[in-house]
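Colleague: I'd like to ask some things about the structure below.
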Amino acid sequence: MDRSLTALDFFEKNFDIHGEFNGKVYRTKRNGVVEKYPYEPLSHYKRTNLTIRNEWIRKFAASVSNPRNQDYGSVIKKLNYYTPYILPEGKQKFLAETVFYVRERGEYEFIWQSNEMGSVYTVSRRTDLSFSFHSEGEKLLNVYYNDDIYCQRWFIITAADLDSKYEEWLEAHLTEILAMPEPEYESLKTYWRGMQSKRNWILAMDGKLFEEIHFTRKDMKYKDGYRQNPWMYHRKTYDHSSNPQTIAFDKNMPAIASKWQELSETEKNYWKKKAREQVRKRVTGFNIFTAFSVTGDS
C-alpha cells in the first residue's frame, strides 16, 4: 500500500463521491464527467417564502411519522399536495416540476377559480412560472392537461408572519390532511448524496476510518431497477465534550444507571419490549429507559 496517499486520495481512488466531502462538492454531470469545486454552504441556501413552507411540512410530517417508516412517504405526499402556499402580496416564481408536478413537456392550462378564462402555457419540468398576487385572501388554481384536471394548488395571501400562519394552519388541518386520499403523482427521483464503492473489499467497511464515520446504506442497492454497489453515508467525528446536552447527560447517567439496576426483571422486560417496537433495531431497553428518565415521555 502506498503510504504517501492521503485520506482524500484514498477516497477519490476507491469511491464515486456524490455531494459534499472534505470541503469540496463532487458532482457527476450527465455526460459522465466528474467535477468538483469548493463547498460554500452559505451561498447555496437562502430562506425564502417557499422554503418556509417546506420546513413546516417536514416538521409536521416528523411529528406523525418517522422518515424510516413505510408510511412516511405517504404523509409527505399528502402534506406537499394539500398544504396551501401561504405568501405575502407580490410576485412569486414557481418551479413547474415541484409546485405543479409537471413531469413531461406539454401545453398546460391554468385557470383561477374566480375566472372563466384560463391561460395556456407550454411548460416543461424546469420551467419557472411567475404569478403576481395583489390582494389578500384565499385563491384556488386549477391546472389542466389534455383537457383533464391535472392538479389543484391553493394559495393564501396574507400580510401576517408566514411561520406563524403555517404553524396555525397545519395544527388546525393536520388530521384532515392525513385522512385525505394520497395524491396520484410521480415523485421526483432523489439525487443520492454519499459514496459508492468501486472495490468489493470495501463493501465490508463499516465504522470509523480516517477520523470519519461510515455507514453502509443497505436501502441504496438499486437505481432505476438495476443492482448497484451499496452507497455509504459519511460524516465527520466531533468533540461533544463541551456541549451542554452532553454535560447534562454525563451528569445524570450514574443516577439513571443505578435506577436501572434497581428495576425488577418484569420492569426491565417492559422496557426491552418497548425497544423491540422501535424502528431502530439496535436500541436496547436501557436506551428507552434512559430517554424516558431524561424527558419523562413514555
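Colleague: Among LYS46, LYS24, LYS59, which is the only one that is free of Cβ contacts under 8 Å to residues at least 60 places away in the same chain, in contact with a strand residue (DSSP E or B) (Cβ under 6 Å, 6 or more places away or on another chain) and among the basic types (Lys, Arg)? I'd like the intermediate steps shown before the answer.
Modeller: Numbers: LYS46 fails: in contact with a strand residue (DSSP E or B) (Cβ under 6 Å, 6 or more places away or on another chain); LYS59 fails: in contact with a strand residue (DSSP E or B) (Cβ under 6 Å, 6 or more places away or on another chain).
Being free of Cβ contacts under 8 Å to residues at least 60 places away in the same chain, in contact with a strand residue (DSSP E or B) (Cβ under 6 Å, 6 or more places away or on another chain) and among the basic types (Lys, Arg) holds for just one of LYS46, LYS24, LYS59, which is LYS24.
Colleague: Further question on the same structure: Just checking: which of the strands (runs of 3 or more DSSP E) contained wholly in region 45-117 hold 2 or more residues that are assigned by TED's automatic domain parsing to the domain that holds LEU129 and either within 21 Å of the chain's Cα centre (by Cα) or among the β-branched types (Val, Ile, Thr) (or both)? It would help to see each step written out before you state the result.
Modeller: Numbers: elements: 85-87, 90-95, 106-112.
In region 45-117, 85-87, 90-95 are the strands (runs of 3 or more DSSP E) which contain 2 or more residues that are assigned by TED's automatic domain parsing to the domain that holds LEU129 and either within 21 Å of the chain's Cα centre (by Cα) or among the β-branched types (Val, Ile, Thr) (or both).
Colleague: If ILE17 passes every condition in (1) among the hydrophobic types (A, V, I, L, M, F, W, C); (2) at pLDDT 85 or above; (3) in a strand (DSSP E or B) but one, which one does it miss?
Modeller: Evaluating ILE17 over (1) among the hydrophobic types (A, V, I, L, M, F, W, C); (2) at pLDDT 85 or above; (3) in a strand (DSSP E or B) leaves (2) as the failure.
Colleague: Out of GLU182, GLU97, GLU167, report the one residue that is charged (D, E, K, R) and exposed (fewer than 14 other Cβ atoms within 10 Å of the Cβ). Don't jump to the end; show me each part of the working.
Modeller: Details: GLU97 fails: exposed (fewer than 14 other Cβ atoms within 10 Å of the Cβ); GLU167 fails: exposed (fewer than 14 other Cβ atoms within 10 Å of the Cβ).
That would be GLU182, the only listed residue that is charged (D, E, K, R) and exposed (fewer than 14 other Cβ atoms within 10 Å of the Cβ).
The values are calculated or read from the model by the stated rules, or taken from the named source; none is laboratory data. Just so it is clear, the model here is predicted, and its values are computed rather than measured. Cβ sites come from the backbone with ideal geometry, for glycine too, and all protein chains shown count toward neighbours.
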